[in-house]
Amino acid sequence: GIQVEQSPPDLILQEGANSTLRCNFSDSVNNLQWFHQNPWGQLINLFYIPSGTKQNGRLSATTVATERYSLLYISSSQTTDSGVYFCAVRVTSGTYKYIFGTGTRLKVLA
Amino acid sequence: EPEVTQTPSHQVTQMGQEVILRCVPISNHLYFYWYRQILGQKVEFLVSFYNNEISEKSEIFDDQFSVERPDGSNFTLKIRSTKLEDSAMYFCASSEQARDGYTFGSGTRLTVV
């Protein structure tokens, strides 16, 4: 089955710093979402981004499906950005389920 | 913004007991899903449900698990005889169409003792 790897696995930032999180996938996909899991365990949808670039405030994401990766950019990080970031992908045929990546655990220090 | 609602937020049960986790998907959504996340691990697919039947399920979703849409609004996951290893966060999700992105609920943390 498809492999979804995220890097880095762990990241510690000072408040105000910028960061780039990466999601690599081993097969063709037709959908991709980024989620933030907050310290209470809730999964918050950040982006639905099968291709191209989207921005929402301090966050933006880019997916290059032909090269099998997606990037999540966090600018001017805040302590509330702490948590785990997951990408999830859906392969192009035979299924409608999303496969989650391994996650990036982000801690933003005040 | 419309939400997927899950209840309870936390449930503690004794090993061997049956539990029912409840979800209210977004009202115009047609596709429903359950995922689980064992503490510190990846989020794993359990089952998808459409038109009152299971459309896909994972190896985890064995005979101990069942899903049901008992009325027009609820979507439930039943675990018949819980094991210690069923302790996890269970997430419900829904989507309007199969190819759309998901909206997840806030999860039910199940602890089996």
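What follows draws every value from the coordinates through simple rules; no lab data is involved. Source: prediction; values computed, not measured. Cβ: placed from backbone, ideal geometry, glycine included. Neighbour counts: every protein chain shown.
Applying D = kT/(6 pi eta Rh) to region A:1-59, where Rh is the Kirkwood radius over alpha-carbon pairs, T corresponds to 10 °C and eta to 1.306 mPa s, the Stokes-Einstein value obtained is 117 µm²/s. Couplings 3J(HN,Hα) for region A:61-78, derived from phi with the Karplus relation 6.51 cos²θ - 1.76 cosθ + 1.60 (θ = phi - 60°), are 9, 9, 10, 10, 5, 5, 9, 6, 8, 9, 10, 10, 9, 10, 10, 6, 4, 10 Hz, where x marks Gly and Pro. What the phi angles of region B:5-10 give under the Karplus curve with 6.51, -1.76 and 1.60, with θ = phi - 60°, is a coupling list of 10, 10, 9, x, 7, 9 Hz, glycine and proline written as x. For region B:1-65, a Kirkwood hydrodynamic radius built from all Cα pairs, placed in the Stokes-Einstein relation at 4 °C and 1.567 mPa s, yields a translational diffusion coefficient of 94 µm²/s. Bridges between two residues of chain A, per DSSP, are antiparallel at a rate of about 90%.
Per residue of A:94-106, other chain Cβ atoms within 10 Å of the residue Cβ number 5 on average. Overall form of the protein assembly as shown: prolate. Here a/c, set by the Cα gyration tensor axes a ≥ b ≥ c, is 1.5 or more, and a/b is the larger of a/b and b/c.
Residue by residue, region A:31-40 carries 3J(HN,Hα) couplings of 9, 8, 10, 10, 10, 10, 9, 7, x, 8 Hz when phi is fed to the Karplus relation 6.51 cos²θ - 1.76 cosθ + 1.60 (θ = phi - 60°); x denotes Gly or Pro. Residue pairs exceeding 24 angstrom between C-alpha atoms, taken from A:107/B:78; A:54/B:57; B:42/B:78: A:107/B:78; A:54/B:57.
Tell me, what is a quarter of the convex hull surface for the C-alpha atoms of chain B, in nm² with one decimal?
Average projection, Cα convex hull of chain B: 6.8 nm².
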